[in-house]
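The values are calculated or read from the model by the stated rules, or taken from the named source; none is laboratory data. None of the values given here were measured: they were computed from a predicted structure. Glycine gets a Cβ as well: all are built from the backbone with ideal geometry, and neighbour counts include every protein chain shown.
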Amino acid sequence: MKQQGGNFIHRMNVRSSQQPRLHPRLVVVEVNRYDAKEGTSVQKLLSMTPAPNTSVSIEVMEAIRGKKQLYCQAVDTKTWADFERIALPDATMVYKHADGRIVTNVLEGQDSSQPYKFDSRDDVVAFFKTLLGPLQTVHLVDSGSFERISDDEVRAVFVMIAHSGLSTESKYGHSISGGQYHDVYKMVNGEWFLKSLEYVMSYQRL
């Protein structure tokens, strides 16, 4: 910026800087001011607002991975009491197709009157008890990706593949499906619990 008839020329350049070393997320603004009267140049370094830190510690990631593994084990072994260790009482869970439609059945010929959308932990457990009672299942998830929302909330995405079939039928009534769990976990009394789950199914064969 140049002021006509004034005493100074003010030029501002924004650049990344290696010296001096600041926080790696800081953007450094270099301000050069030439004082015509004094014949001197003054250089200042000003730091702008840092970008939000969304990183998650290894300890937190491992704790949440453990909860996701417990979720899969509880579903596959039908140990429903474990859901008290997995999810908050008011946890919400919804299971969708890739186009946004809510899932209504996972096996050919299954009753399709109940959408897979639940507003509490007890609701989803009661539904799973009925749905999965006659089924054998196995759920496999990857190691997940994580993003910190706040000091006590973390978003996690897990890729999943599941096999399911009637325990009384070896040839028919089987399903293979896969997709992504989009979860939010909340820290309560020093422990991480599932706050919300949105499963998006991108693959299914009946």
- Item | Unique match (being at pLDDT 95 or above, among the aliphatic types (A, V, I, L, M) and farther than 25 Å from I102 by Cβ) among M187, M160, M201 | M187
- Identify, please: which residue in the range 129-143 is surrounded by fewer than 16 Cβ atoms within 10 Å (Cβ to Cβ) and either of a type in the set (A, V, I, L, M, F, W, C) or in contact with a strand residue (DSSP E or B) (Cβ under 7 Å, 6 or more places away or on another chain) (or both) and is, among those, nearest to M61 (Cα to Cα)? D142
- Filtering the range 178-202 down to residues that are part of a strand (DSSP E or B) and out of contact with any strand residue (DSSP E or B) (no Cβ under 8 Å at 6 or more places or on another chain) yields E191
- State all residues of the range 46-73 that are at pLDDT 95 or above, β-branched (V, I, T) and not in a helix (DSSP H, G or I); if no residue qualifies, say none. V56
- Of everything in the range 147-177 that's part of a strand (DSSP E or B) and among the β-branched types (V, I, T), which residue is farthest from the chain's Cα centre (by Cα)? I176
- Message: I'm trying to understand the selection: among the residues of the range 132-156, which are of a type in the set (A, V, I, L, M) and modelled with pLDDT of 95 or more?
- Response: V138, L140, V141, I149, V154, A156
- Query: Among the residues of the range 165-182, is there at least one that is buried (at least 18 other Cβ atoms within 10 Å of the Cβ), among the charged types (D, E, K, R) and out of contact with any Pro (no Cβ under 8 Å at 6 or more places or on another chain)?
  - Reply: no
- Message: Checking the structure you have, find out if any residue of the range 153-167 is among the polar types (S, T, N, Q), in contact (Cβ under 8 Å) with a residue 40 or more places away in the chain and in the same structural domain as Q73 (by TED's automatic domain parsing).
- Response: yes
- Identity of the residue in the range 178-192, under 13 Å from the mean Cα position of the chain (by Cα) and free of Cβ contacts under 8 Å to residues at least 60 places away in the same chain, that ends up nearest to V159 (Cα to Cα): Q180
- Message: Against the condition at pLDDT 95 or above, assigned to a helix (DSSP H, G or I) and not polar (S, T, N, Q), how does Y95 come out, does it pass?
- Response: no
